[in-house]
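Step one of this worksheet: look at the structure below.
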Amino acid sequence: MGKSLTQKILEKHLLVGEYVPGKEIGIKIDQTLTQDATGTMAYLQFEAMGLKQVKTELSVSYVDHNTVQVGFENADDHKYLQTVAAKYGIVYSKAGNGICHQVHLERFGKPGKTLLGSDSHTPTNGGIGMIAIGAGGLDVAVAMGGGEFYLTCPKVYKINLTGRLQPWVSAKDVALKMLELFSVKGNVGVVMEYAGSGLASLTVPERATIANMGAEMGVTTSIFPSDEVTRQFLKAQGREEDWVELKADYDAEYNRVVNIDLSTLEPLAAAPHSPGNIVKVSDMKDVVVDQVIIGSCTNSSYKDVATAAEILKNKKIHPDVSFGIAPGSRQVLQMATRDGYISDLMASGARLFEAACGFCIGNSQSPKSKAVSLRTSNRNFEGRSGTRDAQVYLVSPEVAAASALIGKFTDPRTLELEYPVVDVPKEFLIDDSMFIFPKAADKNVEVFRGPNIGAPPVNEEMPQNIAGVVAIKVGDKITTDHIMPAGARLKYRSNVPKYAEFVFEPVDSSFAKRALEAKKNGLHNVIVAGESYGQGSSREHAALCPMYLGVKAVVAKSIERIHAANLVNFGIVPLYFKNVEDYEKIAQGDRIELSDIRTCLKNDDPVFLVNKTSNQRIELMYNLSERQKNILYAGGLLSYTVKEEN
């Protein structure tokens, strides 16, 4: 039996376990990336574990999230990141150099390598043939120190692409079609592996767009083969020596095969408030648009920017539309400027934003009240834009530009324009001057620590009994943005006691105070949730800050992969209802007990939640490896790793 591309790469990097889908394996990580919203805590944890040097082939620290600096906190964090990178031998990408996923694709991504990133959209680099996985910062810190990264050996789905995209239909529409087919839940432990004759017509940036939004489906990662298209992209980046041909065996077997004829696709959009709410753009023609923004790690390549510019050349955007564009990298910005595309966009009435995440994470460019905002980003969770009642739609650059021009949701196929064909440049502009490449780890570097930067809190060992209160009960599709708000609050990411004040702020602003009071009174806090709890960002603060507030367990119908791993990493037990109907038997404020939970886990016995308020007994399930159980017993991965090192 032949092997999938996923199996080939994972087996080559296998350090612990066997390649058996559903079983836990540990793999070697070749490269890591962090960004400033998650990187500060990752490196603080790296230091706390007593690790002396970075042992990966390459580790890069990007500054791309909080580049809008109000107050000293972000600037202090950036200086910390620069000095800690110099001390331990990490490449530092300065603010303004671009978004981590776009820049890494351009300058560092290598086919056949493994990449672990403290950002959920790290799978973007699957577009270049990497096994690229998003994880919590603590997992990345361990990997930087040479430790294995553990994951469930995945099922592999083959996505067989045929045909060719029609004019005005783009890679974003492929990503949205995938979300229509697979939804935002139920795909944990799956890798999407793309294949088929249709691949030849998709450039590496287009492939990266598709891989990027696999994160919204909850998959482990997505991957494309490394072929002649990949070689040409790397050659244009001056990195042809990094290319290697990679593909699945002709007789490889897959857990599922899905066929998509690219020629049958049409422009799509994700309607509020989920990337999985897919609608046809042609059905949205009467919707008035207030704001349009092109950018984010999903759609900010040279082709995306140039295509929008060609559509808007010698035209003016609608006077009622606020239109902005954020190139994904300094390279894209420089080339689009050189080639006249930025001038064309500015002449149309566009605003030019920094090459950063900015608007996508809600720290700038929030729309007006009840605005309809069209964005080329990957998430449209309620309130993520910074405006709670905004109606945010996810669209392609083509739909974005056409709608900015008309002032209404517009199917670009209705424009009396010839579709602008933008080819991938045969040679990209190479300027790596905003990277700081360390000559070697320098132990004499003094790491800068501002007053907002504190040591990561360490949890106590897991108790024998979890006894306390249901601190909050939430519904389905609670994202990490609901748990730990981003935007302006992110500046407190290095100060856990302060950041913890805002846990569940968008859902229940009284949660933090209530949970902390219960903790002071000797009670354990438990979170009860519906389906797909913890979807969205890999931000480990969504587990770290609840841990600080005394949360000991999460009981849910289902929990997304990265968040479940983060819960374990911080000593919070992820538990699942055996019967989902039992969710209705628990209310916020109920006094509950999980008796002998430590012993139950050790003996692989069922865990029972006793609701003392309603006098009911509810059976729970768990899916934990022996390694994860040991981490929980120790109180989390930080304590466990320090113990193992000693």
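The values are calculated or read from the model by the stated rules, or taken from the named source; none is laboratory data. Quick caveat: nothing in here was measured; it's all calculated off a predicted structure. Virtual Cβ from ideal backbone geometry, glycine too; neighbours counted across all protein chains shown.
General observations
- Once the range 62-77 is narrowed to residues that are part of a loop (DSSP other than H, G, I, E, B) and without any contact (Cβ under 8 Å) to a residue 60 or more places away in the chain, the residue that is surrounded by the most Cβ atoms within 10 Å (Cβ to Cβ) is V63.
- Matching option when the condition is over 19 Å from R375 (Cα atoms) and modelled with pLDDT of 95 or more, among S322, S226, S282: S226
- Considering the range 100-196, the qualifying strands (runs of 3 or more DSSP E), each wholly inside and each with 3 or more residues that are under 29 Å from C545 (Cβ atoms), run over 114-117, 131-134, 149-152.
- Qualifying residue in the range 478-500 (condition: farther than 28 Å from A95 by Cα, modelled with pLDDT of 90 or more and either outside the structural domain of K313 (by TED's automatic domain parsing) or touching a Phe, Trp or Tyr at 6+ places or on another chain (Cβ under 8 Å) (or both)): yes
- Entirely in the range 558-646, the strands (runs of 3 or more DSSP E) that have 2 or more residues that are under 16 Å from L544 (Cβ atoms): 573-577
- Test for I342: is it in the same structural domain as L374 (by TED's automatic domain parsing), modelled with pLDDT of 95 or more and either in contact with a Leu (Cβ under 7 Å, 6 or more places away or on another chain) or among the hydroxyl-bearing types (S, T, Y) (or both): yes
- Among the residues of the range 384-415, those that are surrounded by fewer than 22 Cβ atoms within 10 Å (Cβ to Cβ) and more than 16 Å from S282 (Cα to Cα) comprise G386, T387, R388, D389, Q391.
- The set of residues from the range 617-634 being surrounded by 18 or more Cβ atoms within 10 Å (Cβ to Cβ), of a type in the set (A, V, I, L, M) and farther than 17 Å from N465 by Cβ comprises L624, I631, A634.
- Meets criteria (of a type outside the set (F, W, Y), modelled with pLDDT of 95 or more and either surrounded by fewer than 16 Cβ atoms within 10 Å (Cβ to Cβ) or touching a Leu at 6+ places or on another chain (Cβ under 9 Å) (or both)) for N465: yes
- The single condition from (1) in a loop (DSSP other than H, G, I, E, B); (2) under 22 Å from the mean Cα position of the chain (by Cα); (3) farther than 21 Å from I210 by Cα; (4) polar (S, T, N, Q) that S296 fails is (3).
- Members of the range 19-52 that are among the acidic types (D, E) and closer than 22 Å to H101 by Cα: D30, D36
- Qualifying positions in the range 558-573 - crowded, with 24+ Cβ neighbours inside 10 Å and polar (S, T, N, Q): N566, N569
- Scanning the range 469-519 for residues that are under 23 Å from the mean Cα position of the chain (by Cα), among the basic types (K, R) and closer than 27 Å to L594 by Cβ gives a single hit, K477.
- Inter-residue pairs, beta-carbon under 6 Å, first touching a residue at least 60 places away in the same chain (Cβ under 8 Å) and in the range 592-613, second surrounded by fewer than 18 Cβ atoms within 10 Å (Cβ to Cβ) and not in a loop (DSSP other than H, G, I, E, B), 6+ apart: E593/V610
- Options S369, S385; residue that is touching a strand residue (DSSP E or B) at 6+ places or on another chain (Cβ under 6 Å) and part of a loop (DSSP other than H, G, I, E, B): S385
- Per-region count, the range 209-236, residues assigned to a loop (DSSP other than H, G, I, E, B) and either of a type in the set (A, V, I, L, M) or out of contact with any Asp or Glu (no Cβ under 6 Å at 6 or more places or on another chain) (or both): 6
Okay, residues lined up against (1) in contact with a strand residue (DSSP E or B) (Cβ under 7 Å, 6 or more places away or on another chain); (2) under 25 Å from K303 (Cα atoms); (3) surrounded by 22 or more Cβ atoms within 10 Å (Cβ to Cβ):
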position	(1), (2), (3)
T114	yes, no, yes
G127	no, yes, yes
A141	no, no, yes
M144	yes, no, yes
E148	yes, no, no
T152	yes, no, no
W168	no, yes, yes
